[in-house]
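The values are calculated or read from the model by the stated rules, or taken from the named source; none is laboratory data. Since the structure is predicted, the reported quantities are computational estimates derived from the model, not experimental observations. Cβ: placed from backbone, ideal geometry, glycine included. Neighbour counts: every protein chain shown. SASA here: full protein model, heavy atoms, side chains in, ligands and nucleic acids out. Shrake-Rupley method; radii C 1.70, N 1.55, O 1.52, S 1.80 Å.
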Amino acid sequence: MGTSIELSVGNVSLSYSKNHMGIDYGFIFQDGDLTRRKSESIDYEYYEENPELKHELEEAEETFARALYRVIPRLNILGYTLDAARAEYNSLIAEAEEISSEIDGAESKKEYLTFEEFCHLACRYSLTSLTNDYIEYDTPDRDTVSQGRLAADIQLFDRIPWPGGSDLYWSEASYLSSRVCILSAESMLQVFAQNTENSDTEVTWEFGPIVDAGWVQREEFRAGAFQKQKVLIATEGTSDTRIIQRALQVLRPNVTDFFNFVDVDERHPYWGTGNLVKFAEGLLRIEVLNQVLFVFDNDAEGVDAFRKFEKLNSPTNMRAMLLPDLDEFREFVTLGPEGEGTSDINGRAAAIECYLDLRLDQYPPAQVTWSNFKKDIDAWHGVLDYKESYSKHFYEQSDNQLLDGTYDVSKLLKLVDTLIQEAGFLTPVI
């Protein structure tokens, strides 16, 4: 008979394979998502009679499980967005209309559900509320009984551009899977996420039984971003790397494994904006295949270096970004030749320390001192006073203090989210 493996959300099957792995969905999960689940395909009586094989039972029950809301950020960074799901759905409509036109002629054009209507139908009921009890074949009116509450929407289901892969359903959950799951698993996850009641529903990839049956080796199932999906972050200095790395780990843990950083425990290998551009030039010469994101400070020197990078005609696997402009920086206390005032430091003095919590009791309000004029970009370059103190204060905070509001991470969150968005242009869809 063989052994199957499914990617599911709740009791709704999104992807199915028999006697082989099928699509590798390891990238959806992280190491902490490995758990155990009871399975109908496991002979528990056998293990009760052979308790010495407990370790085999543990392996047979291995499953990756992750809440849907924690899956969505991983899909987004890879380009599996809601907009991508919409495009996939609309292409099915175009295909269905073309086939219908060839068979029945233009007069019989069918009115398909719009993508928004499709999402609404798929999310009519929360996934956890769908029944999944098996309805026996000899049950009178089995088809209608199996459909449960969904039978009331049969006319809407008939307006879906593709009839689904199978009529072998036995419950509300299996019927929804059969009729609605016409898109890729990644797109269907985005669709089901439109119902906030589905946020905590588990996405599961139960691989233990197929490994236990000997069809696939255990080593094939790994959680985490694939190597070719990872992005190397290259920054101007050690402080930039350490701050970004920790901010990702604490504030955006759901995607942290998509990023690699240069080892800066000893010293930064290409300190400064000029050397960072030279590093980019070196990678261009050796035609590096890795995805690399160069991060420049949002100050005059960073803007100057960023513009030089843009002239390199870099390939699609290399990209550069400036730390984001923020409204908080438009009226910042500054000190220059004409004394103290307020200035817009975006593009002139917003180094990474400016994105930290700038409230330090032992120092006066945060201030930037103008230092030198950059002729190439016609702007003054400034430096945040006591910037090392702000960095030290950040490193001293516990993870809880960064998360519970004790420490102001609002600017840092905007920085990290911008970086994730920029990295999304590099990570390839598998």
Expressed in nanometres to one decimal, the distance between label points 7 Å along Cα→Cβ at residue 35 and residue 219 is 2.9 nm
Residue span residue 83 to residue 226: 0.36 nm per residue of separation minus Cα-Cα distance leaves a gain in nm of 49.2 nm
Interchain or sequence-distant (5+) residues whose placed amide H lies within less than 5 Å of the amide H of residue 379 are 374
Applied in sequence order to segment 182-194, the curve 6.51 cos²θ - 1.76 cosθ + 1.60 (Karplus, θ = phi - 60°) yields integer Hz couplings, x standing for Gly and Pro, of 9, 9, 4, 4, 4, 5, 5, 4, 5, 4, 5, 6, 5
Taking 0.36 nm per residue of separation between residue 110 and residue 361 and subtracting their Cα-Cα distance, the length gained on full extension comes to 83.5 nm
Sorted by chain and then number, the residues having a modelled amide H within less than 5 Å of the amide H of residue 15, at least 5 places away or on another chain, are 7
With DSSP loop assignment and no more than 12 other C-beta atoms within 10 Å, the trypsin sites (Lys or Arg not before Pro) in segment 1-65 are 38
If one compares the long axis through the Cα atoms of helix 68-77 with the longest principal axis of the Cα atoms of the chain, the angle in degrees, nearest 10, works out at 60 degrees
One computes Rg over Rh for segment 18-106 from alpha-carbon atoms, with the Kirkwood Rh, and obtains 1.22
Of all DSSP beta bridges with both partners in the chain, the antiparallel percent, nearest 5, is 65 percent
Length gained if residue 23 through residue 67 is fully extended, taking 0.36 nm per residue and subtracting the Cα-Cα distance, is 13.9 nm
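Summing -39500 (n - 2.57) over the DSSP H runs of n ≥ 4 in the chain and dividing by its residue number, what mean residue ellipticity at 222 nm do you reach, to the nearest 500 deg cm²/dmol?
-10500 deg cm²/dmol
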With the dipole of the chain defined by +1 on each Lys or Arg Cβ and -1 on each Asp or Glu Cβ, the option from 65, 247, 118 whose Cα lies farthest towards the positive pole is 247
In terms of the charge dipole of the chain, which places +1 on Lys and Arg and -1 on Asp and Glu at the beta carbon, the residue among 360, 10, 184 farthest towards the positive end is 360
Per DSSP loop assignment and a cutoff of at most 13 other beta carbons within 10 Å, the chain keeps its longest run without exposed GluC sites (Glu not before Pro) at 137-265
In terms of the charge dipole of segment 10-133, which places +1 on Lys and Arg and -1 on Asp and Glu at the beta carbon, the residue among 96, 77, 42 farthest towards the positive end is 77
In debye to the nearest 20, the charge dipole size for segment 199-358, taken about the Cα centre with +1 at each Lys and Arg Cβ and -1 at each Asp and Glu Cβ, equals 740 debye
For the chain, longest principal axis from Cα atoms; helix 300-310 axis from its Cα atoms; angle between them, nearest 10 degrees, is 50 degrees
Counting only protein heavy atoms with a 1.4 Å probe and every protein chain in place, the carbon and sulfur fraction of the accessible surface of the chain in whole percent equals 48 percent
Whole-Hz Karplus couplings 3J(HN,Hα) for segment 373-384, θ = phi - 60° and coefficients 6.51, -1.76, 1.60, Gly and Pro as x, run 9, 9, 5, 4, 10, 6, 8, 7, 9, x, 10, 6
Cα-Cα longer than 25 Å, checked against 278/374; 230/374; 230/387; 278/375; 230/414, kept in input order, equals 230/374; 230/387
To the nearest 10 degrees, the tilt of helix 410-424 (Cα long axis) against the first principal axis of the alpha carbons of the chain is 60 degrees
When all Cα-Cα pair distances of the chain are considered, the percent exceeding 32 Å is 52 percent
Taking placed amide H atoms and a strict 5 Å upper bound, the residues 5 or more places from residue 292 or on another chain that come that close are 232, 318, 319
Averaged per residue, the 1.4 Å probe accessible area of segment 1-113, protein heavy atoms only, in Å², is roughly 56 Å²
